[in-house]
Every structure is written in structure tokens, then in C-alpha cells.
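Structure, as C-alpha cells:
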Amino acid sequence: MLKAFGAVLVLVSCGAAGIFWAEEKKRRLQSLHKLQQFFMALQGEIRYGGTPLKEAIEIAGGGQGRGSLYFVFSEIASRMEKREEGSFSKLWKEEFQKGAKGAALQNRDLERIFRVGESLGLLDRETQLNSLEHYLSEISCDIGQEEKAIGEKVRLCRWLGALAGVFICILMI
Amino acid sequence: MDKREEISRLFSLRLRRLLGGMEIDYEKLQEIRLRIGCPVVLIYDNRERLLGKEGGFTKEKEKGYYVTKNELRETMEYICNYSMYAFEEELKQGFLTVQGGHRIGVGGKVIVEMDRVKNIKYISCVNIRLAHEVKGCADRVMPFLLEKKEGRWSHTLVISPPRCGKTTLLRDMVRYISEGNKENQIMGLTVGVVDERSELGACYLGVPQNDLGMRTDILDCCPKEEGIMMLVRSMSPAVIAVDEIGSQGDKKALEQAANCGCIVFATAHGADVSDIQNRGLDQIFERFVVLKSRGKAGEIEGIYNRGGQRIC
């Protein structure tokens, strides 16, 4: 009886872990979409409005809904307002590092975001726009790949979770 | 946000701490100059002083606080609110205006393309000129500018050499006309300001930082010639105010505005009325306010009518 109860618990927890893992994959895709929207809006604000970065981040980040990325953008804007010590790229990096977990971003995604942050706020508008353009092409490529594979990945994660549970149960029994 | 906070926000953290620790009357502080490898210079109460390493003023260069390259870069980041590109057009002219209307002049390596200044890079010196409004400085002058019979303002030109207070006086005239005056039973009028060098309104992100009155519309950083007619067509002002007229184009645009029924208030560099007459800028104006070239800024030498007779 106790063994059966233990096996059920293992199966349920492994299944839940698989589902969580699958949700993480979906969340990353959602975050990439939000980042794409954000950077497109930011590019527009810089190109056509010449809007200062703080306002541009607030405007572009405002359309993101109340997700963890929204808090990253609003925190960056608020730290810019306070003019805390350090360069913009440092501030940008710190806030994205904090918010990365909530947005399920991978190291590769973060490195690209940091690279964009290094070019923002410079005197030369063209360099920034080129850097944003480059990032947007990279991210749309990532989104394309991810969208193709997401169904498979989600199924794989769920099955792996369930099968891992079964495997542990067999080992235990 | 008070003046102390407005100013200290512009500087790197170390400078912020030093300036924050000092007992300064910000009304007496006129300029702060930063140059890479040189001590910080403050123009305080019309006298030049150096910022000391430990804060406070010093006269000795060796005891002064020296500005590093990184500090100037950090300061520029704060001044531009981390957005140098947003001030590209202003930087081409060598200055930008920040919140509070303070004027930041910059120097460095100038990039020239096709004989025109494209940008400034390697910024190595910064001059922060603090904005000081003198509200009420035009009160004494305004009664002489009113055509009492017709109940309208006269076309007025303020004349003085540089740094004698022309712009400050014109700014207060604009505020007075826009707000009106209850005591003298003068109704407020719509005023259009073409602020080519951002000195009248000291706009930050399009919003005037100086008080120009509740009925004032402003075109910031707009060439006078184009701006005057833009305002006449779009905002139907009763009065148009512009700073530092000089070219024939400015004169023509003002004549056009006057022909459209607008009253013109302007300033021009010059020593006296004859100076203006020699340059042919006097035709539309009915009153000339001449400021003293020596002594305290904003002191009036005389007010003259079109015939050159002194009326005050």
C-alpha cells in the first residue's frame, strides 16, 4: 500500500516537473515575442521621434502587459530617472540579469540583449539603429526556429517527465 | 524639484557629493565649468572660484578638484539622460538645454561634413549656465509700451550689447502680456514665441521651463523666419516675440507678422537706437528699450519712441 502511494507521488511529481519544463519553453517563446515587440517600438521611437532613452523605454515597455519583462523595463527607466552610478549598459545588464529567470530567457538571449545595451544611448543614432536592426533579425530567426520546434519540445518535456516517473517507480518497486 | 537637485543630478556621483556637501546659494551660482584635467571652476556671485578636493571653495589650483575623462563622460551621460542621440541637433550648435532651463555648452572635437558641423565628439569641456528668471523685471517698463488711446501694445525692440539682460527682460515682457495685469486692468493676450536658441522658454522636451505665462505658445529651436509665419498661420497670436533679430530675413518675417495684425516684441544687439537705424531694423518698431551696457544687468538706460525721443 505504502509503495503504491509512493509510486503515485513519484509519478505525479515527475509529471508536474515535465509540465513545468514544457511551460518554461512556452514562456521563453512568449518572452522572445515581447522582446521583439519592445525592440521594434524602441527602434521606432529612436528613429522617428529621437525620443530620449528613458521615455522611449517607458513607451516601448508600456505595451508589454504586466509580465516580468514589464518590470525589467520600468525598473531600468526608474533607475535612469534616479541617475544611479554607472553607465547605461551596466544598469541595463543588471536589470536584465535580475529579470531573466522570470522571463525564462537563456544565456544566449541575455548575451544578445547585453550587446544591444552597449550601443544604446550613444551619440551616433545610426549605430544604435543598426545594432537594433541586427538584434531584431537575430530574434526573429530565433522565434521562427522556436515556433517550429515548440510543439515537439512541449510534448517531449511532458513525456520525459511522465516516463522519468515511471522509470523511477520501476526502479523503486 | 528644486534648483539644487536639478543641478546636482547633472554631475557624476563624486562631484554630486562634493557639491551636495557645500552650503551654496544657488541663486548666486551662475556657471560651473568642467574641463578634463583641470579643476572645476564655479562662477559664484560674479566671482570665479575653484571647487576644492574636499568640497568648499579654494583659490589655489593645487587644492582644486580635477575632472577626469571618465567623470566628464559620466556627466555627459547624465546631462543627456543617457541619450546623446536625442540631443544631436542641439549638440551641433554647441549647447543643449536641460530640465530647469539650464544651458549646457560643450566643447570638443568638431566633426565637419560638407563645410557644416555634423557633430561634436570627444567632449572635453562643459559649461553649465544656470537659468535665472527675474520675474517682475519688466513691470517698470510695460506702462511705457502701451498705446493708451488705442489700448494696444506698441511694437517694441529691446536693444543692448550681449550679457546685459535683453532676453531676461523680453521673457518677463512675454509673461506680463500673456498673463495680463489686474491692477492696471490689462487683459492677457495670446503670445507666440519663436525661440530659436531656446533662451526664452528654455524648453526641455518641448515644455518651457521658464514661466512665459498662461497664454503663450512656443516654437522651440525653430528658425525665426519660418517660425514667425508658422505661428501666425497656426496659432493666431496677438503678440509675437522673438529674441536676437539681425538678418534681413528676420526683418521681413516680422514685417509680415505686423502686416497680419500681430504686435511684435523683439531684441537686438546694439549700443543704441542709431545703431539699429543704421542696420535698417527700426522700421516697424514704435518703442525702443535701451539697456545700460555697464553696471548691473537689466538696468534701463532709456525708452525711446519712433522719432528717437526719449519718453522715459
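Looking for whichever is touching a residue at least 40 places away in the same chain (Cβ under 8 Å) and closer than 23 Å to B:Glu77 by Cα here; the options are A:Arg125, A:Arg115, A:Arg158, A:Arg83. Which one fits? Break it down into steps so the answer makes sense when it comes.
Working: A:Arg115 fails: touching a residue at least 40 places away in the same chain (Cβ under 8 Å); A:Arg158 fails: closer than 23 Å to B:Glu77 by Cα; A:Arg83 fails: touching a residue at least 40 places away in the same chain (Cβ under 8 Å).
Sole residue among the options that is touching a residue at least 40 places away in the same chain (Cβ under 8 Å) and closer than 23 Å to B:Glu77 by Cα: A:Arg125.
Would you check if B:Lys92 is under 30 Å from A:Leu42 (Cα atoms) and not assigned by TED's automatic domain parsing to the domain that holds B:Ser198?
Working: under 30 Å from A:Leu42 (Cα atoms): yes; not assigned by TED's automatic domain parsing to the domain that holds B:Ser198: yes.
Yes.
What residue, among those in the range A:72-124 that are among the hydroxyl-bearing types (Ser, Thr, Tyr) and within 14 Å of chain B (Cβ to nearest Cβ), is surrounded by the fewest Cβ atoms within 10 Å (Cβ to Cβ)? It would help to see each step written out before you state the result.
Step one: list which residues in the range A:72-124 are among the hydroxyl-bearing types (Ser, Thr, Tyr), which gives A:74, A:78, A:87, A:89, A:119.
Still in the running and within 14 Å of chain B (Cβ to nearest Cβ): A:78, A:87, A:89, A:119.
Values: A:Ser78: 13, A:Ser87: 16, A:Ser89: 17, A:Ser119: 17.
Checked the range A:72-124; the qualifying residue surrounded by the fewest Cβ atoms within 10 Å (Cβ to Cβ) is A:Ser78.
Checking B:Ser198 against (1) at negative phi; (2) touching a Lys or Arg at 6+ places or on another chain (Cβ under 8 Å), which test does it fail?
Result: B:Ser198 fails condition (1) only.
Within the range B:59-81, is there a residue that is over 20 Å from A:Gly121 (Cβ atoms) and of a type in the set (A, V, I, L, M, F, W, C)?
Yes, the conditions are met somewhere in the range B:59-81.
When the residues of the range A:35-50 are filtered to those that are within 16 Å of the chain's Cα centre (by Cα) and free of Cβ contacts under 8 Å to residues at least 60 places away in the same chain, which remaining residue is farthest from the other protein chains (Cβ to nearest Cβ)? Steps first, please.
Step one: of the range A:35-50, the residues within 16 Å of the chain's Cα centre (by Cα) are A:35-40.
Filter again for free of Cβ contacts under 8 Å to residues at least 60 places away in the same chain, leaving A:37-38.
Working: A:Gln37: 21, A:Phe38: 17 Å.
Only one residue tops the list, namely A:Gln37.
Consider A:Leu53 carefully, then state whether it is on the phi < 0 side of the Ramachandran plot, surrounded by 19 or more Cβ atoms within 10 Å (Cβ to Cβ), touching a residue at least 12 places away in the same chain (Cβ under 8 Å) and within 14 Å of chain B (Cβ to nearest Cβ).
Numbers: on the phi < 0 side of the Ramachandran plot: yes; surrounded by 19 or more Cβ atoms within 10 Å (Cβ to Cβ): yes; touching a residue at least 12 places away in the same chain (Cβ under 8 Å): yes; within 14 Å of chain B (Cβ to nearest Cβ): yes.
So A:Leu53 passes the test.
Sort out which residues of the range B:267-288 are in contact (Cβ under 8 Å) with a residue 60 or more places away in the chain and touching a Lys or Arg at 6+ places or on another chain (Cβ under 9 Å), and write them in order of number. Walk me through it before giving the result.
Going residue by residue through the range B:267-288, those that are in contact (Cβ under 8 Å) with a residue 60 or more places away in the chain are B:267-273, B:275-276, B:281-282, B:284-288.
Answer for the range B:267-288, where residues must be in contact (Cβ under 8 Å) with a residue 60 or more places away in the chain and touching a Lys or Arg at 6+ places or on another chain (Cβ under 9 Å): B:Thr267, B:Ala268, B:His269, B:Gly270, B:Leu281, B:Asp282, B:Ile284, B:Phe285, B:Glu286, B:Arg287, B:Phe288.
Sort through B:Ser83, B:Ser124 and tell me the only one that's in contact with a helix residue (DSSP H, G or I) (Cβ under 8 Å, 6 or more places away or on another chain), among the hydroxyl-bearing types (Ser, Thr, Tyr), more than 18 Å from B:Glu5 (Cα to Cα) and more than 10 Å from chain A (Cβ to nearest Cβ). Can you show your working first?
Working: B:Ser83 fails: more than 10 Å from chain A (Cβ to nearest Cβ).
Selected residue: B:Ser124, the only one of B:Ser83, B:Ser124 that is in contact with a helix residue (DSSP H, G or I) (Cβ under 8 Å, 6 or more places away or on another chain), among the hydroxyl-bearing types (Ser, Thr, Tyr), more than 18 Å from B:Glu5 (Cα to Cα) and more than 10 Å from chain A (Cβ to nearest Cβ).
Pull out all pairs, ordered by first then second residue, where Cβ-Cβ is under 9 Å, the residues are six or more apart or on different chains, the first lies in the range B:246-259 and is in contact (Cβ under 8 Å) with a residue 40 or more places away in the chain, and the second is part of a loop (DSSP other than H, G, I, E, B).
B:Ala258/B:His155; B:Ala258/B:Ile284
Can you say whether B:Lys296 is among the basic types (Lys, Arg), out of contact with any helix residue (DSSP H, G or I) (no Cβ under 8 Å at 6 or more places or on another chain) and modelled with pLDDT of 90 or more, as far as the supplied structure shows? Step through it out loud before you land on a result.
Values: among the basic types (Lys, Arg): yes; out of contact with any helix residue (DSSP H, G or I) (no Cβ under 8 Å at 6 or more places or on another chain): yes; modelled with pLDDT of 90 or more: no.
So B:Lys296 fails the test.
In the range B:80-108, what residues are assigned to a strand (DSSP E or B) and within 18 Å of the chain's Cα centre (by Cα)?
In the first step, residues of the range B:80-108 are kept if they are assigned to a strand (DSSP E or B); the result is B:95-97, B:103-108.
Selection gives B:Phe95, B:Leu96, B:Thr97, B:Arg103, B:Ile104, B:Gly105, B:Val106.
Somewhere in the range B:120-127, is a residue of a type in the set (Phe, Trp, Tyr) and either in a helix (DSSP H, G or I) or closer than 30 Å to B:Arg306 by Cα (or both)?
Looking only at the range B:120-127, we keep the residues that are of a type in the set (Phe, Trp, Tyr), and these are B:122.
Remaining after also requiring either in a helix (DSSP H, G or I) or closer than 30 Å to B:Arg306 by Cα (or both): none.
Among the residues of the range B:120-127, not one is of a type in the set (Phe, Trp, Tyr) and either in a helix (DSSP H, G or I) or closer than 30 Å to B:Arg306 by Cα (or both), which makes the answer no.
So, in the range A:93-107, how many residues would count as being free of Cβ contacts under 8 Å to residues at least 24 places away in the same chain and closer than 13 Å to A:Leu35 by Cβ?
1
With of a type in the set (Gly, Ala, Ser), over 22 Å from A:Ala77 (Cα atoms) and within 14 Å of chain A (Cβ to nearest Cβ) as the only criterion, which of B:Gly151, B:Gly108 stands out? Quick ask: steps written out before the conclusion?
Values: B:Gly151 fails: within 14 Å of chain A (Cβ to nearest Cβ).
The match here is B:Gly108.
The values are calculated or read from the model by the stated rules, or taken from the named source; none is laboratory data. Every value quoted in this text rests on a predicted model; they were computed, and no experiment measured them. So basically every Cβ, Gly included, is an ideal-geometry build from the backbone, and we count neighbours across all protein chains shown.
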